[in-house]
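The values are calculated or read from the model by the stated rules, or taken from the named source; none is laboratory data. Given the structure is predicted, the values throughout are model-derived calculations rather than measurements. Quick reminder, even Gly has a Cβ in these numbers, built from the backbone with ideal geometry, and neighbours come from all protein chains shown. Just so you know, the surface numbers come from the protein's heavy atoms only, side chains and all, with ligands and any DNA or RNA stripped out. Shrake-Rupley method; radii C 1.70, N 1.55, O 1.52, S 1.80 Å.
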Amino acid sequence: MSIVAISETAGSQGIEIGRKLAQDLGWEFADREILAKASQQFGEDVMDLRHSVEEKPTLWERFSDSQQRYKAYIEAIMLEMAARDNVVLAGRSSTIVLRPIPHAVRVRTTAPEQKRAQRVEHQQGLTRDASLDYVRASDRERAARVKFLYRIDVDDARLYDLVLNTDRLTVEKGAALIRETLRDERFQSTEAGRKEVVDLSLGALALAACMAPPEVEARNLSVTCKDGQVSLTGWVGEDAERTIAADVVGRIPGVVRVLNEIVLKRTTRTTVGM
């Protein structure tokens, strides 16, 4: 039992390898399903969620809370799926989100630009030049988004346990290499490891739940979870926000107790008279 997260560059066949791997192992596979589940659970437009993880942030978004909210929703869904074990997650920065999980195998797929563009040309019916432009733009957009959200260089090979150059690898061979990696005992889940993932999942769901109500200013809140007990820290401007945050977290299945240490910190305005 384990978890696989795949980060792909456009045209590198990471999605195809992930689907083949999940099919061979009889595991769950999720790519766009992650966004669909987040949209359904948190009531956000799926296209807004897709933009938040795949495209370069606009100047307005850099100063907006919406991207951090979308990020929390997507992370909550990924970790909720990871807590069930035996799952392959593709894209959506899953390799970064799952870094704290010791038995998760993090894979990066890549290939030369020309090879990836050739695949995109066949898949999408674009011209050769348009396909190359698409691949280059995709690389730039996703790298900028990951840098914005996580302050990480997505091309840093140290982020991954396995990097596959699919220039001459078939989808079947790529999936076989990941299966071989999964046989290593370091990537076998343990009871302690599974409990750790459950706590990470509950913590992520709790943070997302705090961000969902418009009445709660959640930017200054932090959430941790241990053995099902969720601790809320940080500060808000109104006492009602403390109550709402604790209430929504307490209703999450699996949460056994909420320790509400959120403090009240009212801001004051200074009026300058003439």
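Exactly one residue among ALA192, ALA240 is surrounded by fewer than 18 Cβ atoms within 10 Å (Cβ to Cβ), of a type in the set (Gly, Ala, Ser) and free of Cβ contacts under 8 Å to residues at least 12 places away in the same chain, and that residue is ALA192. Search segment 198-211 for residues that are over 13 Å from LYS71 (Cβ atoms) and open to solvent by 40 Å² or more (accessible area, probe 1.4 Å) and pair each with any residue that is assigned to a helix (DSSP H, G or I) and at pLDDT 95 or above when their beta-carbon atoms are under 7 Å apart and the residues are at least 6 apart or on different chains. Here the result reads LEU200/LEU79, each pair linking segment 198-211 to a residue that is assigned to a helix (DSSP H, G or I) and at pLDDT 95 or above. Going by the conditions given, is THR110 within 14 Å of the chain's Cα centre (by Cα) and on the phi < 0 side of the Ramachandran plot? It is false that THR110 is within 14 Å of the chain's Cα centre (by Cα) and on the phi < 0 side of the Ramachandran plot. Listed by position, the helices (runs of 4 or more DSSP H) inside segment 40-114 whose residues that are charged (D, E, K, R) number at least 3 are 46-54, 66-82. Residues in segment 37-54 that are under 13 Å from SER93 (Cβ atoms) and among the basic types (Lys, Arg): 1 in all. Restricting attention to segment 98-139, the residues that are open to solvent by 10 Å² or more (accessible area, probe 1.4 Å), β-branched (Val, Ile, Thr) and modelled with pLDDT of 95 or more total 1. Restricted to segment 2-25, and to residues there that are farther than 28 Å from ALA130 by Cα and aliphatic (A, V, I, L, M), the residue that is surrounded by the most Cβ atoms within 10 Å (Cβ to Cβ) is VAL4. Scanning segment 26-40 for residues that are open to solvent by 10 Å² or more (accessible area, probe 1.4 Å) and in contact with a helix residue (DSSP H, G or I) (Cβ under 7 Å, 6 or more places away or on another chain) returns GLU28, PHE29, ASP31, ALA36, LYS37, SER39.
Do we have LYS56 as open to solvent by 60 Å² or more (accessible area, probe 1.4 Å), of a type outside the set (S, T, N, Q) and more than 15 Å from the chain's Cα centre (by Cα) here? Spelling it out, LYS56 is indeed open to solvent by 60 Å² or more (accessible area, probe 1.4 Å), of a type outside the set (S, T, N, Q) and more than 15 Å from the chain's Cα centre (by Cα). In segment 62-72, the condition of being aliphatic (A, V, I, L, M), open to solvent by less than 40 Å² (accessible area, probe 1.4 Å) and out of contact with any Phe, Trp or Tyr (no Cβ under 8 Å at 6 or more places or on another chain) is met by at least one residue. None of ARG179, ARG186, ARG168 is surrounded by fewer than 16 Cβ atoms within 10 Å (Cβ to Cβ), farther than 21 Å from GLN41 by Cβ and without any contact (Cβ under 8 Å) to a residue 12 or more places away in the chain except ARG168.
The conditions of being closer than 25 Å to ILE77 by Cβ and either under 20 Å from the mean Cα position of the chain (by Cα) or part of a loop (DSSP other than H, G, I, E, B) (or both) are met by GLY203.
Residues in segment 117-140 that are aromatic (Phe, Trp, Tyr) and either over 15 Å from THR9 (Cβ atoms) or not in a helix (DSSP H, G or I) (or both): there are none.
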